[in-house]
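Only one structure is covered here, and it is reproduced in the block below.
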Amino acid sequence: MVTVADTGLGMMPSELDRVFQPFSQGDHVIQGGPHRFGGLGLGLAISKMMVKLHAGSITAASSGRDQGTKVSIKLPLYDTNGHAYLPASNATTAILPASTVNDGGGAYSVLLVEDHPSTAQALAQLLARRKYSVTVANCLAEARVFLGQKKIDLLISDIGLPDGTGYELMSALRERAGLVGIALTGYGSEEDIHRSQAAGFMLQLTKPVGVQALDNALSAAIRALNAAPDSKVAGVNGKGKVKHG
């Protein structure tokens with residue numbers, strides 16, 4: 001187990017209930033208090049996603065206002081064959097040996113465009129476990145180089161990138177035969193889904209991406225690659241449900 005503790009602002013019970021939600025705000029802000037401490041952004045939400053991808057658990061605890069906060073992470077240990085022999089307490093996601101997970105990706109190549117290193121690593125590992133051939137790009141320029149060099153079946157691209165947007169990338173590729181696009185974004189409104197659709201993405205995943213949501217999106221993408229793709233984009237939420245735009 002890994003524990004990180006501070007002696008800062010601390011949290012009330014109501015704040016602890018939502019601490020792992022994206023862009024959560026503290027009670028001091030909601031009640032009109034000072035904004036100098038800001039919100040939580042995506043950091044803890046992404047941390048929870050990554051811990052769950054490794055079959056672990058993450059919790060936050062605090063004794064109250066001005067008493068600091070403690071975040072604890074528990075992860076299972078694995079033997080050399082990739083089998084867990086010490087499960088993490090309250091783990092909610094099981095990571096299976098590569099030979100037992102979805103093997104439908106073996107014939108497909110994926111270009112993953114994501115500038116956040118930890119998120120890119122976690123998603124690339126998940127895709128590799130599902131037998132996809134994965135190439136990772138950190139920006140539009142790198143993505144364009146790889147697209148010119150390799151046959152890519154599936155593009156999974158973050159929307160906000162250092163040198164542009166995923167919309168720009170997908171718009172330039174929308175007429176490319178045999179390519180399906182999945183957008184990654186921290187926003188999942190109907191407007192965001194429509195914008196992804198307009199750019200040419202078939203699906204949209206909202207961060208933090210759940211394992212079930214990713215698998216649902218991959219299955220839909222493979223079906224589209226094997227048949228005439230639908231013109232509509234679908235938004236996939238963290239629980240794995242697909243909403244068509």
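The values are calculated or read from the model by the stated rules, or taken from the named source; none is laboratory data. For clarity, every value in this text was computed on a predicted model and none was experimentally measured. Methodologically, a virtual Cβ is constructed for each residue, glycine included, from the backbone with ideal geometry; neighbour enumeration extends over all protein chains shown.
Values as computed for the structure displayed
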quantity	calculated
Pick from the range 100-116, criterion surrounded by 15 or more Cβ atoms within 10 Å (Cβ to Cβ) and part of a loop (DSSP other than H, G, I, E, B), ranking: modelled with the lowest pLDDT	V101
The range 147-170 residues that are in the same structural domain as V113 (by TED's automatic domain parsing) and closer than 11 Å to I182 by Cβ, paired with ones that are among the acidic types (D, E) and crowded, with 22+ Cβ neighbours inside 10 Å (beta carbon under 9 Å, 6 or more apart)	I156/E114; S157/E114; D158/E114; G166/D158
Complete set of residues in the range 51-69 that are out of contact with any Asp or Glu (no Cβ under 8 Å at 6 or more places or on another chain), surrounded by fewer than 19 Cβ atoms within 10 Å (Cβ to Cβ) and either in a helix (DSSP H, G or I) or at positive phi (or both)	G64, D66
Residue in the range 70-86 that is surrounded by 18 or more Cβ atoms within 10 Å (Cβ to Cβ), in contact with a Leu (Cβ under 8 Å, 6 or more places away or on another chain) and at pLDDT below 50 present	yes
Tally of residues being part of a loop (DSSP other than H, G, I, E, B) and either within 24 Å of R195 (Cβ to Cβ) or assigned by TED's automatic domain parsing to the domain that holds M50 (or both) across the range 205-227	4
